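Shown next, in structure tokens, is the structure this report addresses.
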Amino acid sequence: MMIWEPVKEDREKAERIALFRHGIISPVLYEREEGQNKYFKKLSEQEHYVPGVGLKKYSVSTFKSWLSVYREKGYVGLKPRVRKDKGISRKITPKFAGLLRQILREYPIITYSLLYSHLITEGYIRPYDFTIPTLIKFMKDNKIYLKEKTIVPRRKFEKEHINELWMCDFMHSGTIRDGKKKRETYLCAIIDDCSRVIVGSLWGFSNNLILTEECLKTALLTYGCPKKFYCDNAKVFRSKDLHLPCAKLGIAVIHSRPFESAPRGKIERFFRTVRMKFLPLIDRNKINLEQLNSKFQDWLSKDYHKIPHQGIGEPPIEKFIKDLDNVVPVRVTKEEIDLTFYRTLQRKVKNDSTVSIGRKLYEVPSKYISLNVEIRYPSSRPEELYIFQDDKPCDKLKPLQIHQNANPPKVSLSYTNLLGREKN
């Protein structure tokens with residue numbers, strides 16, 4: 001059989017394909033088989049744009065295989081494998097029959113054309129290695145046949161517990177003072193669908209990715225990981241830098257369809273509550289952003305979370321605590337969250353042990369000279385740069401001190417002492 005290992009130039013493409021696959025399976029990551037089959041059947045009738053590949057159709061079994069491998073191996077399992085002997089032409093050999101039988105066990109419902117496409121996409125073959133008719137003939141000669149699988153319908157899965165579904169959105173709320181000027185403010189809020197607890201909230205001056213990440217990180221640290229994270233189709237929610245951390249944490253990111261407002265009803269009703277009950281309590285001419293966030297957290301803990309909610313008939317925080325008897329939250333530490341939400345850069349270390357990032361030079365240990373290194377940094381603290389190996393931080397980068405390097409420490413040297421030593 002073939003030997004597999006990652007190839008550097010293919011890493012970026014593999015990352016994009018893994019994110020594409022995660023986006024496909026996210027909506028039904030925690031659904032039962034009936035819901036999965038219905039969803040995948042609909043997708044199998046459509047063409048999908050695959051990064052680096054183009055438009056492509058997939059079978060139901062292919063989608064289900066992605067779901068299976070994600071549950072077994074996590075986000076890494078969604079990356080396509082790359083042949084170590086990539087670029088070397090080869091013919092169909094008898095050993096290839098074993099590989100085909102293994103694939104058919106994993107994908108019991110598949111056509112010849114989809115099997116051929118799968119072999120190409122996964123890097124087993126190249127388009128010019130052989131054709132579909134050649135593949136069909138080889139399979140028949142080796143008595144390898146396609147099989148059909150009967151799908152057994154099941155009841156639709158209904159969410160009942162905390163942390164099964166979180167919904168996130170932004171609310172615009174006018175201006176407050178920022179120094180000598182006034183700026184627009186935005187509230188990023190995340191609501192737990194079951195309990196109506198606001199698991200994450202943060203006010204900022206822009207409805208951007210950084211505000212979303214900081215809000216989500218606080219929610220994860222306080223309440224654990226949800227199964228699903230539901231949001232609309234805004235650009236900030238489509239960002240790879242949001243999808244990738246969620247994929248690594250096992251969170252399915254789901255986007256609402258255009259003009260579909262019903263699923264977002266709970267978060268929108270919460271925003272109406274904020275406008276009616278919280279905003280009238282603040283003086284926009286005398287409050288700054290830090291004070292706004294502090295007052296809002298105080299209002300949540302003393303008012304919103306403690307008053308019976310019309311939709312559930314009890315205070316949100318009591319509903320959440322009560323359901324802890326049925327649910328064990330998936331906890332993550334602050335260090336794990338920070339590492340997951342790091343931004344990633346690729347740089348080649350120069351011969352003078354430096355790398356250039358954002359028009360600045362940084363010192364790198366000499367052992368990395370001429371090597372391509374992976375550099376990561378927290379989105380909220382871009383000045384903290386670390387070299388990562390095997391998903392672990394190894395060395396912290398320091399800005400290059402040009403003047404310090406240009407003036408090495410003085411070496412004490414006395415010619416009188418040297419002459420004296422020679423005479424002795």
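The values are calculated or read from the model by the stated rules, or taken from the named source; none is laboratory data. Keep in mind it's a predicted model, so treat the numbers as computed, not measured. When we count neighbours, we look across all protein chains shown, and the Cβ atoms used for this are built from the backbone with ideal geometry, even at glycine.
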### Task
Taking only segment 191-214 into account, find how many residues are in a helix (DSSP H, G or I) and crowded, with 23+ Cβ neighbours inside 10 Å.
1
### Task
Check V355, V373, V349, V364 and return the single one that is in contact with a helix residue (DSSP H, G or I) (Cβ under 6 Å, 6 or more places away or on another chain), surrounded by 15 or more Cβ atoms within 10 Å (Cβ to Cβ) and assigned by TED's automatic domain parsing to the domain that holds I387.
V349
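Can you find a residue in segment 127-137 that is assigned by TED's automatic domain parsing to the domain that holds Y70, in contact with a Lys or Arg (Cβ under 7 Å, 6 or more places away or on another chain) and aliphatic (A, V, I, L, M)?
no
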### S173, sole failed condition from (1) at pLDDT 95 or above; (2) hydroxyl-bearing (S, T, Y); (3) in a strand (DSSP E or B)
(1)
### Message
If the requirement is being of a type outside the set (A, V, I, L, M) and in contact (Cβ under 8 Å) with a residue 40 or more places away in the chain, which of these qualifies: P315, P329, P308?
### Response
P329
### Query
For residues in segment 14-44 being charged (D, E, K, R) and either within 20 Å of K73 (Cβ to Cβ) or touching a Phe, Trp or Tyr at 6+ places or on another chain (Cβ under 6 Å) (or both), which is surrounded by the fewest Cβ atoms within 10 Å (Cβ to Cβ)?
R32
### Message
Residue under question is K217, and the condition is that it be part of a loop (DSSP other than H, G, I, E, B) and not hydroxyl-bearing (S, T, Y); does it hold?
### Response
no
### Task
State all residues of segment 39-48 that are of a type in the set (K, R) and in contact with a helix residue (DSSP H, G or I) (Cβ under 9 Å, 6 or more places away or on another chain); if no residue qualifies, say none.
K41
### Message
Quick check on my filter: what residues within segment 57-81 are basic (K, R) and outside any helix (DSSP H, G or I)?
### Response
K57, K79, R81
### Task
Can you confirm whether segment 126-144 contains a residue that is surrounded by fewer than 21 Cβ atoms within 10 Å (Cβ to Cβ), at pLDDT below 95 and in contact with a strand residue (DSSP E or B) (Cβ under 7 Å, 6 or more places away or on another chain)?
no
### Summary
Selection over segment 220-231 where residues are crowded, with 20+ Cβ neighbours inside 10 Å and more than 16 Å from L339 (Cα to Cα) yields a count of 6
